[in-house]
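Note sheet for the following structure.
Values quoted throughout were computed directly from the atomic coordinates according to the rules given, and no laboratory measurement underlies them. These figures come from a predicted structure and were not determined experimentally. Counting neighbours? That spans all protein chains shown, and the Cβs are built from the backbone with ideal geometry, glycine included.
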Amino acid sequence: MAIIYTLKVTEMVCAPQASGETDVVINVGWAYLGTDGTNTGSFGGTTALTYTEGSPFTPYADLTQEQVSGWVLGAWTADQTASYQSQVDSQLAVTSPPLPWPAAESVAAAPVAA
């Protein structure tokens, strides 16, 4: 099955004032996710952004996940995208089968001598 990749914005860092605008996003934290329909892999990072004075500006409170994700994806080179996909793919290449005992089961651990 083909891997489906998505981007989730996890954090935005703003400059209080830049190029005549307020709360300008200058860095975006993200998680790049991939799923093969059964398993999920993820890779996280940050992308620096630069606002150019006179460009269309959206106030911080009006930003959407789709808009900011588009900025991040648009800032990546083809090599970066391939590298991030490779990171996710490597996680999907291994499996973590469920434990062979009940999940609620635990074993008493001996206290450490003082």
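See the values below:
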| item | result |
| --- | --- |
| Three-way shape label, the stretch 45-103, alpha-carbon gyration tensor, a/c 1.5 | oblate |
| Contact order normalised by residue count of the chain, Cα under 8 Å, 6+ apart, percent | 23 percent |
| Separation in nanometres of the label points that stand 7 Å from Cα toward Cβ, at Gln67 and Asn27 | 2.2 nm |
| Nearest-ten-degree value, helix 65-75 long axis tilted from longest Cα axis of the chain | 80 degrees |
| Calculated FRET value between Glu105 and Thr38, using beta carbons and R₀ = 30 Å, to 0.05 | 0.75 |
| Placed amide H near Met12: partners under 5 Å, 5+ positions off or other chain | Gly29 |
| Separation of the Trp76 and Glu53 label points, Cα + 7 Å toward Cβ, nm | 3.3 nm |
| Rough spin-label spacing in nm, given labels placed 7 Å along Cα→Cβ, for Ser83 and Tyr60 | 2.9 nm |
| At most 13 other Cβ within 10 Å, DSSP loop - GluC sites (Glu not before Pro), the stretch 1-58 | Glu53 |
| Anisotropy class of the chain from Cα gyration tensor, a/c 1.5 cut | prolate |
